[in-house]
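Colleague: What follows is a structure written as structure tokens; I'll ask about it next.
The values are calculated or read from the model by the stated rules, or taken from the named source; none is laboratory data. Since this is a predicted model, take the numbers as computed values, not measurements. Cβ atoms come from the backbone with ideal geometry, glycine included; neighbour counts cover every protein chain shown.
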Amino acid sequence: MTGVGIVGTGISGLQLALRLQQSGVPVTVYAEEEVDRLKGARPRNFPARFGRTQQRERELGVFAWDFADAQVRHWAVTVRTGDPAPLEFLADLTPPSSVVDFRIYLPHLLNAFLDRGGELVVGDRPVEEIAGRHDLVVVANGNRSMRRLFPVDRSRSPYTGPQRILCAGIYLGIDEEVPHSLDIHFLPGAGEILRLPFYSPAGRADVLAFEAVPGGPLEGICHADPDADPAAFRRQVLDLVAVHAPGLRERIDTAGFSLTAPGELAQGALTPVVRQGWARLDDDTCALAVGDAWITNDPLTAQGANLGSHTAFALAELIAGGTGPFDEEFCRDACARLWEHARHVVEWSNAFLGELPPHVGEVFRRAAADKRVADAFVSNFNDPVTMWRTVSGPDGVAAFLAGFDGA
């Protein structure tokens, strides 16, 4: 047995493979499909990669798309509070996030791994077979066949069902009020409406997403069939935006508004969960879980890809620096150390799915009145540990806001 076998070609698996490759650790990536199939698939997510993730990509030598059409530099936030006028603020995101379709991004990383001599095995193989070839197996594939290995950790998973239902597509015909900006509308009891610039296979376009509270007024569009009656689906999208985000509706060109191509839409729901981070296999070898195989967060806080990248680098350091066998003790210790960071992302993401508490409302109120507060709050999406320290309770908010008093 030699090296590490990585199951999955998402951001966690590929960044882990590239980092281990840099460290001289033999690694084999196991993929269900060829790289060309990755490029031609339907969209499954719409990731925003913040500054720290981009820095890790630079260390890997795979950072690309350093141009304005693939960046979000500002956030325009609207919070409906029940008052006649919503809270609104425009914040600068420093550094900008990178918004590149994973059908572009993941093949780029996989090709870099292969160009540097990496080994790729294509096809569906039992994890037990893979474990027989390697000192350690890392599962970075969250599909159902792999999830069976890692049962849900109920102590870290407060939800037993989806908290949002998603309908998100890549569209043409939406103008920006501020160039390279994201719009997010928080709608208590209904969910969120999000628009962000996105670098897609069709070039620069916009993602328009509905994150619907189950049973709320946004849920219907998440079940509508865009192929059965495209015109009716389009009208329903526009009507919902007109009612719940009228300023955004004014920037949509009715005649030019359409998906960039048929099928450029993702609909569905997921339950935020944390799974057991490691499993003992039949032959007493062990498998570690990362990415969606370990943690599934709702996309509301845009942390999925960034947590996957952080975990990949942290685990690569543990593997490359390890001196003992990759046994149960190693896996247990690795999971505990990875959770030290991941818990902040999980707890923050879960908290934002519920009713926003008064102390978070106070941050929004101050942000609407003071751009310094707005900029600092939005830029903390790049630092989930600091963000959760800030918004987890009234004391954190008070300490955060005190930094702007009297300045």
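Colleague: Let me confirm something: among 37, 58, 52, which residue is within 17 Å of the chain's Cα centre (by Cα) and surrounded by fewer than 23 Cβ atoms within 10 Å (Cβ to Cβ)?
Modeller: Result of the check over 37, 58, 52: 52.
Colleague: Evaluate region 141-156: report whether one residue or more is without any contact (Cβ under 8 Å) to a residue 60 or more places away in the chain and β-branched (Val, Ile, Thr).
Modeller: The answer is no; no qualifying residue exists.
Colleague: Only residues that are within 17 Å of residue 184 (Cβ to Cβ), under 25 Å from the mean Cα position of the chain (by Cα) and part of a helix (DSSP H, G or I): list them for region 325-368, please.
Modeller: Correct list: 348, 349, 351, 352, 360, 361, 363, 364, 367.
Colleague: Also: What's the total number of residues in region 167-185 that are within 25 Å of residue 346 (Cβ to Cβ) and either touching a Phe, Trp or Tyr at 6+ places or on another chain (Cβ under 7 Å) or not assigned by TED's automatic domain parsing to the domain that holds residue 259 (or both)?
Modeller: Count: 4.
Colleague: Something else now. Kindly provide the set of residues from region 229-271 that are over 30 Å from residue 147 (Cα atoms) and in a loop (DSSP other than H, G, I, E, B), ordered by number.
Modeller: 229, 245, 250, 251, 253, 254, 255, 256, 257, 260, 261, 262
Colleague: Follow-up. Can you tell me which residues in region 109-157 are under 15 Å from residue 5 (Cα atoms), among the acidic types (Asp, Glu) and loosely packed, with under 13 Cβ neighbours inside 10 Å?
Modeller: Those that are under 15 Å from residue 5 (Cα atoms), among the acidic types (Asp, Glu) and loosely packed, with under 13 Cβ neighbours inside 10 Å: 124, 129.
Colleague: Looking at region 2-19, I want the residues that are farther than 18 Å from residue 112 by Cβ and have a partner that is of a type in the set (S, T, N, Q) with Cβ atoms under 8 Å, at least 6 apart or on another chain. Which pairs are those?
Modeller: Taking only residues 6 or more apart or on different chains, the pairs are 3/28; 5/28; 7/141.
Colleague: Return the only residue of 288, 300 being farther than 30 Å from residue 377 by Cβ, in contact with a helix residue (DSSP H, G or I) (Cβ under 8 Å, 6 or more places away or on another chain) and not assigned by TED's automatic domain parsing to the domain that holds residue 187.
Modeller: After applying the criteria, what remains is 288.
Colleague: Identify all residues within region 382-393 that are part of a helix (DSSP H, G or I), within 19 Å of residue 355 (Cα to Cα) and either touching a residue at least 40 places away in the same chain (Cβ under 8 Å) or of a type in the set (Lys, Arg) (or both); write none if there are none.
Modeller: 387, 388, 389, 391
Colleague: Right, another one. Would you check which residues across region 1-20 are of a type in the set (S, T, N, Q) and more than 9 Å from residue 140 (Cα to Cα) and list them?
Modeller: 2, 15, listed by residue number.
Colleague: Same structure, new question: Condition check: among the aliphatic types (A, V, I, L, M), within 25 Å of residue 160 (Cα to Cα) and part of a helix (DSSP H, G or I). Does residue 397 satisfy that?
Modeller: Considered against the rule, which asks whether it is among the aliphatic types (A, V, I, L, M), within 25 Å of residue 160 (Cα to Cα) and part of a helix (DSSP H, G or I), residue 397 comes out as no.
Colleague: On the given criteria, is residue 95 surrounded by fewer than 22 Cβ atoms within 10 Å (Cβ to Cβ), under 30 Å from residue 386 (Cβ atoms), at pLDDT below 95 and not assigned by TED's automatic domain parsing to the domain that holds residue 305?
Modeller: Criteria not met by residue 95.
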